1. For a quick check of your reading: which strands (runs of 3 or more DSSP E) sit entirely within the stretch A:140-235 and have at least 2 residues that are touching a strand residue (DSSP E or B) at 6+ places or on another chain (Cβ under 8 Å) and surrounded by fewer than 20 Cβ atoms within 10 Å (Cβ to Cβ)?
2. Restricting to the stretch B:43-63, count the residues that are open to solvent by less than 20 Å² (accessible area, probe 1.4 Å), more than 14 Å from every other protein chain (Cβ to nearest Cβ) and aliphatic (A, V, I, L, M).
3. So how many residues does the stretch A:136-173 have that are among the hydrophobic types (A, V, I, L, M, F, W, C) and either free of Cβ contacts under 8 Å to residues at least 60 places away in the same chain or touching a Phe, Trp or Tyr at 6+ places or on another chain (Cβ under 8 Å) (or both)?
4. Return the residues of the stretch B:110-145 that are open to solvent by 10 Å² or more (accessible area, probe 1.4 Å), at the interface with another protein chain (Cβ under 10 Å from one of its Cβ atoms) and either touching a His at 6+ places or on another chain (Cβ under 7 Å) or acidic (Asp, Glu) (or both); say none if nothing qualifies.
5. When you scan the stretch A:111-135, how many residues do you find that are touching a Leu at 6+ places or on another chain (Cβ under 9 Å) and not hydrophobic (A, V, I, L, M, F, W, C)?
6. Could you list all residues from the stretch A:388-397 that are part of a loop (DSSP other than H, G, I, E, B), open to solvent by 40 Å² or more (accessible area, probe 1.4 Å) and of a type outside the set (Ser, Thr, Tyr)?
7. Got at least one residue in the stretch B:77-87 being more than 10 Å from chain A (Cβ to nearest Cβ) and aliphatic (A, V, I, L, M)?
Amino acid sequence: MAETKSLIGTQNKKGQTYTDPRRMLFEAPRTPSFYTGSEVIKEAIRRASCDVMIAYPITPQSEAAALIGELFAEGYIGDYFRGESEFAVMSQCAGAAFGGARVFTTTAGPGTMRAMENFPMWAGARLPIQMIVTCRGINSPLSIQPDTLEISYLMNTGMLVWHAETAQDFFDWILKGYMVSEEPDVHLPLALCCDGFFVTHTKDVVQLTPADMCLPPYDPYRSPVPCMDMECPPVRMMRDPFIMKSNYISYATHASWQQEIWAAVERSRKHTIAWLDGLIDAENTDADIMIVASGTAVSQGREAIRMLEDEGVRAGLVKVKTLRPWPGEEIREATKHAEHIFVPEFNVTGWLAKEIRATVPNSDRVHAGPHVCGGMTMPPEIIVSEIKTTLGMRAVSLAGRGS
Amino acid sequence: MSKERIKIAPEFFDIMPPEYQDLVQRATYGKEDRGWKDIGTAKELIEEHSLCAGCPESMAFRYILASLPNPEDTVMVGSTGCTSLVFPMVAVHNIHSLFGNQNAIASGLKRALTVRFPGKVKDVVVLAGDGATVDIGLDMTLQAWFRQEKFTTICFDNELYANTGGQESGLMRKGFVAKMAPIGKQFEKVRLPEIARESGCHYVVQCTVSKPSVVERVIRNAVFVARELGPTYIQLYTPCILEIGKNSMEGLQEMRDSEKPTERFAYKEFVSEPAKQFLAELAAKEKEKKAAAKQLASQEA
């Protein structure tokens with residue numbers, strides 16, 4: 001059980017130094033780099049001490065998965081291969097995590113849906129796999145365009161679900177995500193979502209930590225469930241099979257296990273707050289008008305606020321960073337002065353608005369929209385227009401702008 | 001793992017459950033020559049199972065577990081079905097995740113164990129029914145073989161979906177009337193042993209479990225070949241006596257009847273050239289070992 005020894009300060013086979021994660025992420029010098037989101041994923045994984053990465057091609061995550069293959073060729077990852085489908089890939093990830101590896105994978109849109117049966121299994125088996133979800137359209141007719149509908153399906157799997165706004169979020173949260181999801185009292189998988197193309201395929205300046213520093217390796221013996229490597233003596237778990245007896249004990253066992261998963265999601269709250277500096281970011285919380293958003297809709301909301309200020313309308317912003325755990329108390333506090341809460345979203349159903357409506361008092365304050373879907377962009381003017389129309393102000397026709 | 005690691009502190013021995021005491025004192029962990037003949041004489045890796053009385057699958061389970069060459073470092077992967085009723089009572093780490101994904105789970109598992117324990121042998125053995133192996137999980141079964149994953153796949157072929165009440169499966173013989181095959185199955189039994197050979201398996205055997213010595217030999221060969229060369233596949237006829245209308249005592253005869261040379265479970269073995277060479281070397285070493293032991297015994301006498 002070499003993993004139980006502290007390796008901080010020692011070097012891996014690539015010459016990277018296992019570094020205290022807090023020092024690496026909060027104190028170490030950073031270098032500005034001009035990268036696409038996919039390249040940023042690669043750079044984060046270079047520093048993540050991953051044991052196994054399993055890949056499958058689907059737009060727009062393919063580039064990230066391919067770039068991580070380059071890392072494997074360079075010797076930064078223990079093993080890497082292409083699975084045969086997303087369902088198989090997520091199963092292969094599960095196998096690797098059952099065996100005590102730190103595991104990473106990526107998916108997108110229809111792939112997320114194809115793999116869906118695995119996600120409650122991951123959570124139920126307490127496998128701290130990290131999966132990047134580069135959201136895109138999932139429904140017919142075929143679309144490869146950005147759309148965040150798939151997040152709504154992930155939110156009830158028992159996984160941690162975070163929604164990154166920028167490539168910088170991505171870089172930091174990939175590394176911090178492992179720190180949260182591998183905590184013994186959490187030990188759950190993490191779906192780290194972003195809006196496909198908007199984040200993955202655009203270039204941005206990202207502050208990177210030194211490439212010669214990496215996270216300490218995963219210690220599977222800190223798991224709340226046994227690692228399947230026969231290093232611990234196995235026990236015969238029970239005299240009777242666990243599911244086939246239709247009696248109260250069987251039901252109660254399964255029910256309590258499900259509740260424990262969701263309790264673990266809640267227990268992740270304290271770790272996440274420490275690493276992400278809160279589950280939300282908020283500004284102008286004394287404003288009558290608040291925009292609450294996640295992902296790149298936050299950026300559009302921020303720009304809309306600037307435009308509204310030019311017209312003398314003051315608005316505030318809540319950036320929802322984690323969807324599971326759900327920052328209910330934080331959102332209630334940040335919106336307590338708001339007369340109107342607008343929730344711009346890149347999906348047709350408005351899942352975030354539904355969550356917020358279920359969270360805040362006087363939920364008729366919540367305006368579900370504007371929505372764009374099917375890959376359409378969301379010009380901040382749409383948000384401005386929605387707000388002004390609701391307030392009874394005259395809004396300029398957007399058609400004239402060709403948007 | 002080794003047997004050394006499951007010792008009980010002497011001060012606590014008497015308060016440990018008798019089953020655990022027995023496991024520590026009489027388990028076959030760490031015993032190189034363990035085999036089916038240890039069943040009933042040494043602590044086995046399976047306790048009271050919950051399968052139907054007379055179920056041939058329970059026989060197969062015992063023979064397989066007794067034949068594992070390295071149970072103290074073997075992890076088994078199962079799937080939904082009657083196998084998942086037994087695994088909770090098996091003293092080997094075992095994984096049940098979803099229906100049909102057992103070979104994908106095993107792929108990730110074997111690779112993770114190889115990364116984590118580069119200097120140690122960790123065997124992975126998949127054990128699933130024909131529905132999981134040949135129907136819902138066929139793509140993952142085949143792709144694991146194409147990728148040359150180094151683990152053994154064992155299929156308990158009972159020619160139907162037993163656990164859910166006897167529905168048609170891909171390995172069911174043509175014409176058999178079953179639930180969901182109301183006018184008889186319309187296509188031939190899938191020829192998975194041949195497909196396994198063509199898909200890159202180095203050692204493939206189809207047989208029944210009527211003869212424990214045969215099961216022991218093929219399981220050991222399959223595990224050793226998988227460890228050294230690549231994927232291996234064993235297809236065992238374990239009839240569901242309940243669903244084919246047999247009595248508890250008739251399972252063994254059903255297998256004997258089905259393994260005759262003209263029947264569908266006649267012994268079938270495919271071995272790749274590298275595996276032939278490897279097994280020959282293994283047999284030679286075994287022979288040498290036995291000769292040395294015999295010589296030593298005669299000297300002592």
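1. Details: elements: A:160-163, A:190-195, A:203-208.
Where strands (runs of 3 or more DSSP E) fall fully within the stretch A:140-235 and carry at least 2 residues being touching a strand residue (DSSP E or B) at 6+ places or on another chain (Cβ under 8 Å) and surrounded by fewer than 20 Cβ atoms within 10 Å (Cβ to Cβ), they are A:203-208.
2. Qualifying residue count for the region: 1.
3. Of the residues in the stretch A:136-173, 11 are among the hydrophobic types (A, V, I, L, M, F, W, C) and either free of Cβ contacts under 8 Å to residues at least 60 places away in the same chain or touching a Phe, Trp or Tyr at 6+ places or on another chain (Cβ under 8 Å) (or both).
4. Result: B:Asp139, single match.
5. So in the stretch A:111-135, the residues touching a Leu at 6+ places or on another chain (Cβ under 9 Å) come out as A:112, A:116-119, A:121-123, A:126-133, A:135.
If we keep only those that are not hydrophobic (A, V, I, L, M, F, W, C) as well, we get A:112, A:117-118, A:126, A:128, A:130.
Residues that pass the stated criteria total 6.
6. If we filter the stretch A:388-397 for residues that are part of a loop (DSSP other than H, G, I, E, B), which is where we start, we get A:392-397.
Narrowing the set further to residues that are open to solvent by 40 Å² or more (accessible area, probe 1.4 Å) leaves A:392-394, A:396-397.
The answer is A:Gly392, A:Met393, A:Arg394, A:Val396.
7. Start the filter on the stretch B:77-87 by keeping residues that are more than 10 Å from chain A (Cβ to nearest Cβ), which leaves B:78-79, B:81, B:83.
Checking the rest, the ones that are also aliphatic (A, V, I, L, M) come to none.
Checked against the condition, which is being more than 10 Å from chain A (Cβ to nearest Cβ) and aliphatic (A, V, I, L, M), the stretch B:77-87 yields no hits at all.
Residue-by-condition table, conditions (1) open to solvent by less than 40 Å² (accessible area, probe 1.4 Å); (2) within 20 Å of A:Glu330 (Cα to Cα):
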{"residue": "A:Thr359", "(1), (2)": "yes, yes"}
{"residue": "A:Ser363", "(1), (2)": "no, yes"}
{"residue": "A:Val372", "(1), (2)": "yes, no"}
{"residue": "A:Met376", "(1), (2)": "no, no"}
{"residue": "A:Glu386", "(1), (2)": "no, no"}
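The values are calculated or read from the model by the stated rules, or taken from the named source; none is laboratory data. These numbers come from a predicted model, not from an experiment. Glycine also receives a Cβ, built like all others from the backbone with ideal geometry; neighbour counts cover every protein chain displayed. Surface accessibility is based on the protein's heavy atoms, side chains included, excluding ligands, DNA and RNA. Shrake-Rupley method; radii C 1.70, N 1.55, O 1.52, S 1.80 Å.
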